[in-house]
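Asks: Before anything else, here's the structure in question.
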Amino acid sequence: MGFETVIASEVKIERNIPPVGEYVFQLMPGAEERPNKFNGVTELNLSAAVAEGDHQGKRVFWTYPDPTAKNKKGEPLSFSSQAMKKLEIAIGVDSLPGETFPEYFRRVGAQNVRFGAEMLPNKYVKDGKEIEGDPKFGIFTVKAAA
């Protein structure tokens with residue numbers, strides 16, 4: 001029996017994302033810059049794993065857009081540099097003179113640094129309907145890990 005009863009098209013991948021709530025995260029190595037395929041803006045991609053509790057090991061991914069770029073409305077994305085600086089402060093390891101944020105996050109990502117942050121609800125409207133997506137990492141909720 002076994003394989004004959006499992007229909008491939010009916011199997012859905014389980015999301016391994018922590019639910020909405022506050023967590024202690026450990027920054028993972030491998031900060032990477034690449035262009036966003038939808039708008040062409042270069043982004044810094046980071047990831048972290050939940051470091052403690054029932055959801056330990058679950059990974060989260062988030063991006064910071066290039067702070068010198070502009071969005072579709074022509075507004076600067078300067079909030080990004082503020083969010084990255086807030087994460088640097090929460091991590092508690094100072095950047096080196098002349099170090100860029102991508103260089104900084106690659107360096108500290110290898111040091112098993114921890115920080116606190118929240119996973120936030122992700123509600124949006126599509127085709128006139130409110131949809132609840134997977135929780136998202138709150139880039140402005142970061143704080144020092146207790």
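The values are calculated or read from the model by the stated rules, or taken from the named source; none is laboratory data. In this text the structure is predicted, and so the values were computed from the model without any measurement. Note that each Cβ is placed from the backbone with ideal geometry, even for glycine, and that neighbours are counted across all protein chains shown.
Asks: Take the stretch 57-74 and flag every residue that is at negative phi, part of a loop (DSSP other than H, G, I, E, B) and within 16 Å of the chain's Cα centre (by Cα).
Replies: K58, D66 - these are the residues of the stretch 57-74 that are at negative phi, part of a loop (DSSP other than H, G, I, E, B) and within 16 Å of the chain's Cα centre (by Cα).
Asks: Moving on to the next point. Of everything in the stretch 35-50, what is within 18 Å of I139 (Cβ to Cβ) and either hydroxyl-bearing (S, T, Y) or at pLDDT 95 or above (or both)? Give them in sequence order.
Replies: Those that are within 18 Å of I139 (Cβ to Cβ) and either hydroxyl-bearing (S, T, Y) or at pLDDT 95 or above (or both): T42, E43, L44, N45, L46, S47, A48, A49, V50.
Asks: Which residues, taken from the stretch 33-49, are polar (S, T, N, Q) and either more than 17 Å from P76 (Cα to Cα) or surrounded by 18 or more Cβ atoms within 10 Å (Cβ to Cβ) (or both)?
Replies: N45, S47
Asks: For residues that are under 21 Å from E22 (Cβ atoms) and among the hydroxyl-bearing types (S, T, Y), tally how many sit in the stretch 116-146.
Replies: Adding up the residues that qualify gives 1.
Asks: Being in contact with a Lys or Arg (Cβ under 9 Å, 6 or more places away or on another chain), modelled with pLDDT under 95 and of a type in the set (D, E) is the filter here, so list the residues in the stretch 91-146 that pass it.
Replies: E130, E132, D134
Asks: Of the numbered conditions (1) among the acidic types (D, E); (2) surrounded by 10 or more Cβ atoms within 10 Å (Cβ to Cβ); (3) more than 24 Å from K123 (Cα to Cα), E22 satisfies every one except a single condition; which is it?
Replies: Here E22 clears every test but (3).
Asks: So, of the residues in the stretch 67-116 that are of a type in the set (D, E, K, R) and farther than 17 Å from G30 by Cα, which turns out to be surrounded by the most Cβ atoms within 10 Å (Cβ to Cβ)?
Replies: Among them, the one singled out is K86.
Asks: Then there's this: Closer than 18 Å to N16 by Cβ and of a type in the set (V, I, T): is that true of V113 in this structure?
Replies: So V113 does not fit the description; no.
Asks: Cβ contacts < 9 Å: first residue under 12 Å from A69 (Cβ atoms), restricted to the stretch 41-55; second residue assigned to a loop (DSSP other than H, G, I, E, B) and aliphatic (A, V, I, L, M), any location; separation 6+ or different chain. Result?
Replies: V41/A69; V41/L77; T42/A69; L44/A31
Asks: Please give the number of the condition G30 fails out of (1) exposed (fewer than 13 other Cβ atoms within 10 Å of the Cβ); (2) closer than 15 Å to R106 by Cα; (3) touching a Pro at 6+ places or on another chain (Cβ under 9 Å).
Replies: The single condition G30 does not satisfy is (3).
Asks: Residues being without any contact (Cβ under 8 Å) to a residue 60 or more places away in the chain and in contact with an Asp or Glu (Cβ under 8 Å, 6 or more places away or on another chain): count how many of those fall in the stretch 3-40.
Replies: Of the residues in that region, 3 qualify.
Asks: Let me ask another. Is it fair to say G138 is surrounded by 12 or more Cβ atoms within 10 Å (Cβ to Cβ) and over 12 Å from the mean Cα position of the chain (by Cα)?
Replies: no
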